[in-house]
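Each remark here refers to the structure printed beneath this line.
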Amino acid sequence: MYPARFEYEVPATLEEALAVLAERGDDARVLAGGQSLIPMMKLRFATPAALVDVNRLPGLDRIEEVDGQLRLGALVRHNAIADSDLVRRRNHVMAAAAPWIADPLVRNLGTIGGSLAHADPEGDWASVMLACRGEVVATSGAGERVVPIDELITGMFTTSLRPGELLTQVRVPIPSRPNGGTYLKLERKVGDYATVAVATRLEVDDGRIADAGIALTSVGPSNLHAREAEQVLVGEHPGDGLFAEAADAAARAASPRSDVRGSAEYKRHMVRVFVRRGLARAAELAGRTTAA
Amino acid sequence: MTTTEQPTTPATPPGIGGIGHSLRRREDDRFLRGAGRFVDDIVLPRMLHAAVLRSPVPHARIASIDTSAAAALPGVVAVVTGADLAAHNLAWMPTLSGDTQAVLATDKVRFQGQEVAAVIAEDPYVAHDALDLIDVDYDTLTPVVNPRQALADDAPLIRDDKEGQEGNRCYRWEAGDREATDRAFAEADVVVELDTHYPRSHPSPLETCGCVADVNPATGHATIYMTSQAPHAHRTLFALVAGLPEEKIRIISPDIGGGFGNKVPIYPGYVVATAASLLIGRPVKWVESRSENLISTGFARDYHMHGELALKRDGRILGLRVNMLSDNGAFFADAQPTKFKAGLFHIVTGSYDYPAAHVVTEGAYTNKAPGGVAYRCSFRVTEASYLIERLVQNAAYELGVDPAELRLRNFIRPDQFPYRSPTGFTYDSGDYARALRLAMERVGYDDLRREQAEAREQGKLIGIGLASFTEVVGAGNHKEFDIAGIKMFDSAELRVHPTGKAILKLGVRSQGQGHETTFAQIVAEELGIPATDIAVQEGDTDNTPYGLGTYASRSTPVGGAATVMVARKLRDKARVIAAHLLEAAEEDLEWEPGRFFVKGTPSRGVTIQDVAFAAYTNFPEGLEPGLEGVHYYDPPNMTYPFGSYIVVVEVDAETGQWKVRRMVAVDDCGVRINPMIVEGQIHGGLAEGYAMANMQFITFDEDGNCIGSNFMDYLIPTAWETPRFELDETVTPSPHHPIGAKGVGESATVGSPAAYVNAVIDALAHLGVRNIDMPVLPHRVWAAVRDAGGSGGGEQGGVPPAP
Amino acid sequence: MKITVTVNGVEGSYDVEPWVLLADFVRTHLGLTGTHIGCDTTSCGVCTVMLDGTPVKSCTLFAVQADGRAVTTVEGLARNGELDPVQQGFKECHGLQCGFCTPAMMLVSRALLDRNPDPSEDEIRWAISGNLCRCTGYVNIVKSVRWAAEHAATPATATEG
């Protein structure tokens, strides 16, 4: 209920923030939306010696289209993504996922950068990014590094961010070909974590699947990139039989745990169901869109 | 279209606002402005804060406790352990079921979350810092996680503190007639059996439990602000437990943010805070967190039920047999009338007319929180109603009869009331068939059955679930009902001021049920004083008459009756004064709301306000001045609200998810004082029924760890998941209640879970599915469909596997 | 740490430790007890306040994060003693029973109506899906918000409907 004591830093510029992070090292945690970190601190699962509040840093809350990419500042709030016309037009998966993160109040504060840096295996954005070939920008006193999502998430609540690095931007390629995607999430109620969730994306070129993205939430030690399932699809014509094959491959890749939300068998089954349904929806949307 | 014995037009005009008016609530004004006064809002000078250290393990001996580091933390005033309390004979306290419960553990911890030590500090952050510094050494023991394991021969003994306790049984109780039931079963063509676990749930009002204990060091007088649904009973119990003289204890139950039975038991936190205040000489506040509330306070349900229904081929029910095993946790602390170890569970015979039933109940200790009677259960009627309505539904499938038709064939008929049930209840009044028919009409039942059949052809799953429940509320008559020895009457004290306004003081205590409005309406009805001129006061033991509080839907049946009676006493006295003012004989006066007038000369009259003024200024010779009275009401019987609910669901067989397409609820609670408030109570209950049916439960893993001790795991539906409800009513007054009212607060929670579950089962019945335990989670539905032909894969859900 | 916060339109300077939650600051330091605390996992929403007009869970923010910003609590809904239409709606339509979730529900509803003056029932249920109620089953809360939408800036009339 009551967090332990800590020191509080609230830098006004990115330079200041990076300097503080470099100085404090492991003693400090970054406070962005705080909607994952503060609950942990209240239960005393996290007791950082210092919090570095990055909410005052200017310029980190923009959503823009640059060089064929959708670029979102790390401080973009989940609701801003859900309300964004640009995101709706450029990325079906993100537009589908954003409204289902936590609840409307948490979405007013929680950030996409914070969520990815937190690396909760039951978190939604990492799966979306894996399916969409997203990458993040990690900034430090030494400069900027671009890190693909596959390389960012290294385990449960762990990332490859180095000490002194701050995640400042999320980048997602905007497909040039007809495309579609969605995020299907089985949750028992608004605000629940996913029992199972699946991000699916298809790009279609001249009737065949040119690129596919499939990623799974809550069925492994971290968000799972279902690469074998993607490979089943590339080069083929979209169709129910093909989607079922990809669904099987994705289910095989998943390693869910039996718990109060369901047996491992059930969760594997749901991966299959959501991959099939998600691919069908992606194909339907791809059939409707023209090149951007 | 509803036919009623209650006139659809209220007897009083809106300006008076008596019974039947949907008056807007008087209490709203402060809540809308954020000016409610809940326990945690109370701040007293020099107040300290208490925090409780709880056991992380479910069953262990305490090898040692070291509090020295905690006590040395700046800002900490005291650290209290069980040993400290034992020195004052406070380490154990009596429960409302004749058992004892540890205040702070001494020898052993017996459930995960049990209170082990407490810190008293200047502010709550420091108190929680100090909790981290207390070092407890536990020698863990094998945990007992379910009652069957508890009653096995080799089970670890949980209550080794109780002299003479062998094994883990905490009670055995039965009702009905075994021989008559055996004979009935011998005649049966069909016997339908059901094994079902009503999972552990928790009332979880949004305000947790807490208190501010203020023992005045100079006078020894204790004022305890407390989340209490029963302040007078609590005061008496405090006096017995703490050894403080009863006249030196004042319990004030201020605004309460929901009770639902969670605020009836006495919790260790209250005792610790009071003892600390007494010893330190400063006020002490204890307010628990949500996790503490869910893991340690009065839970609900956790009944393992086996039911058998005997029927003839023509659908006639012959008899019922029930064996029930309850999981009572580590201490038998059910808040229920002492005579009934399983509450009123033996009303499990339900709304149906048959002569024989036998109910055998047993309770077991387990390593879980104590409690069990809570969460709008009317003393276990939730469990009973669920079992019978599920059995009847399954019997319909077995016989190939429509579930509504089977019920209609067996309902107790209106001419059979008052109806003596095979387990000893005397149902006061009812018309069950009328309620069900109205529900069927509202939902379009016949069309739905056709639609269901067509949908099945296309592999689409629609289910229609029914529940026709009979409730029993209004505890209760002195012959049968007492809590810790105190009989369950209730009281009302009414004073009319010289200016004609009034104040009503009650022994019950609202936690959101709107008493400040509804009870004023009762007085308005009887005396014709506008309801808005009547202040209603509850909750302060110094300023209200003795009553047993609000739970089990008893306020209107008992407290409401007391209010009617005291108002009528005052009206009788008012007549004497009116006669004096009008210089007429009492028998020559007529009464209309708010006014006495001379028969035949209506213009010659006096208002109740005139009479009130005269009671102080111009009263007849020999008459006691004033206009005030008190009435203690011992109800002659319980009241029996009832209803029929119909739920329509669509089931996605692939994912196991189900959605409520429609929920039609027909309720009969007799005369409705404020229809708007009655409907609000029903909405809330239907939502809670949905919660239990769909997602909400507490369970345990095989190591005795509680799953469901926070809101991430204990799921309360939001507005997004909660279905829409369609309400209708019939009105069958209670013949023995002075205004014909029955209670209603819990009806929907009692009756609706079976309706939701029956709907899902109905969608899958053609596949052979006969049972899925609550909560009917998607993975359970999926497993049931996959294993169709069996009984849901035999999965019992919330019954944890023993280690 | 010294912070400056505008609460319900009134600016003030305060000295508060960084670990004090905004909900505690509002309740204890400012004595505004209309904002409530109902859980410890950021799940129930009864602590909702507006931060620069956006509804947030005040139990999951530190008071220091409100430095230089504007906080609105339930006590700030009424203007010059006149109830906001949302507050009137909750009274007209019996949108509260125990009152514990009510401040939060009203603030979220106010924020919704400011964005979307004519919301559908689904939109209302979605907007309040971060706020739990145990008493009402949400039915009359939805009606209350619809009432407020239909009676924007109209004084309440009857005591009975």
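The values are calculated or read from the model by the stated rules, or taken from the named source; none is laboratory data. Bear in mind the structure is a predicted one, so any value in this text is a computation, not a measurement. Please note: Cβ atoms are built from the backbone with ideal geometry, for glycine as well, and neighbour counts cover all protein chains shown. Accessible surface is based on the protein model in full, side chains and every heavy atom, while ligands, DNA and RNA are left aside. Shrake-Rupley method; radii C 1.70, N 1.55, O 1.52, S 1.80 Å.
Some notes on this structure:
- Note that region B:327-417 shows a convex hull volume over its alpha carbon atoms of 134 Å³ per residue.
- Ellipticity at 222 nm from helices only: DSSP H runs of n ≥ 4 in chain B, each -39500 (n - 2.57), divided by the residue count, give -8000 deg cm²/dmol.
- Candidate cross-link partners of residue B:479 among the aspartates and glutamates, defined by an alpha-carbon separation under 14 Å and a same-chain spacing of 8 or more, comprise B:634.
- Within region B:346-435, none of the GluC sites (Glu not before Pro) combine a DSSP coil assignment with at most 11 other C-beta atoms in a 10 angstrom radius.
- Counting only DSSP H runs of at least 4 residues, each contributing -39500 (n - 2.57), and dividing by the residue count of chain A, the helix-based mean residue ellipticity at 222 nm comes to -10000 deg cm²/dmol.
- Accessible-area order (highest first, 1.4 angstrom probe) of the listed residues C:44, B:170: B:170, C:44
- Long-range amide H partners of residue B:113 with built H, under 5 Å: B:55, B:57
- Overall shape of the protein assembly as shown was characterised from the C-alpha gyration tensor. The equivalent ellipsoid obtained from it has semi-axes of 49, 37, 32 Å, in decreasing order.
- Between residue C:6 and residue B:221, the FRET efficiency estimated from the beta carbon spacing at R0 = 41 angstrom works out to 0.45.
- Spatial offset of region B:169-210 relative to region B:365-422 amounts to 9 Å, using the alpha carbon center of each.
- Taken as entire DSSP H runs, the helices of chain B that both span 20 Å or more between Cα atoms along their own long axis and average -1.0 or more on the Kyte-Doolittle scale are B:381-399, B:561-582, B:675-694, B:747-764.
- Simple spin-label estimate for residue B:601 and residue B:447 gives 6.3 nm between the two label positions (7 Å along the Cα-to-Cβ direction from each Cα).
- The length gained on full extension between residue B:568 and residue B:726, counted as 0.36 nm times the residue separation minus their Cα-Cα distance, comes to 53.2 nm.
- Dipole magnitude for chain B: about 920 debye, using +1 per Lys or Arg Cβ and -1 per Asp or Glu Cβ, origin at the Cα centre.
- Only Lys, Arg, Asp and Glu carry charge here, each on its Cβ (+1 for the first two, -1 for the last two); on that basis the protein assembly as shown has a dipole of about 840 debye about its Cα centre.
- Region B:545-565-region A:46-92 distance, computed between alpha-carbon centres (Å): 57 Å
- Helical segments meeting 18 Å axial Cα length and Kyte-Doolittle -0.5 threshold in chain A (DSSP H): A:240-253, A:264-288
- Subset of B:263/C:57; A:42/C:2; B:312/B:659; C:57/C:91 violating a 28 Å alpha-carbon distance limit: B:312/B:659
- Overall shape: prolate for region C:1-128, with the ratio a/c of the largest to smallest alpha carbon gyration tensor axis at 1.5 or above and a/b above b/c.
- Cα centroid of region B:299-364 to Cα centroid of region B:7-60, whole Å: 34 Å
- Karplus-based coupling profile of region B:634-641, in residue order and whole Hz: 9, x, x, 7, 7, 10, 10, x, with θ = phi - 60° in 6.51 cos²θ - 1.76 cosθ + 1.60 and x standing for Gly or Pro.
- Global geometry of region B:626-715, whether rounded, prolate or oblate, following the gyration tensor of its Cα atoms and the 1.5 cut on a/c: oblate
- Label-point separation in nm, residue C:54 to residue B:455, each point 7 Å along Cα→Cβ: 4.1 nm
- Debye equation applied to the C-alpha atoms of chain B, log10 I(q)/I(0) at 0.05, 0.07, 0.09 Å⁻¹: -0.27, -0.53, -0.87
- Residues in region B:113-135 that, when all protein chains are in place, have 10 Å² or more less accessible area than the chain alone would give (probe 1.4 Å): B:124, B:125, B:126, B:128, B:129, B:132
- For region B:195-264, size of Cβ-based charge dipole, Lys and Arg +1, Asp and Glu -1, in debye: 80 debye
- Counting Cα-Cα pairs of region B:204-246 in 10 Å increments starting at 0 gives whole-percent bin shares of 25, 52, 19, 4.
- Over 25 Å between alpha carbons, listed pairs A:189/B:742; B:162/B:368; A:185/B:460; B:162/B:248: A:189/B:742; B:162/B:248
- Per-residue HN-Hα couplings for region B:90-104 [Karplus 6.51, -1.76, 1.60; θ = phi - 60°; Hz; x = Gly/Pro]: 10, 6, 10, 9, x, 9, 7, 10, x, 9, 10, 9, 6, 7, 10
- q = 0.15 Å⁻¹, region B:489-552: log10 I(q)/I(0) [Debye, one scatterer per Cα]: -0.42
- Dimensionless Rg over Rh [region B:57-101; C-alpha; Kirkwood]: 1.08
- Solvent exposure of the protein assembly as shown as accessible area per residue, Å², 1.4 Å probe: 33 Å²
- Accessible area buried, both sides summed, chains B and C with 1.4 Å probe, Å²: 4500 Å²
- Prolate/oblate/rounded label for region A:1-109 (Cα gyration tensor, a/c 1.5): oblate
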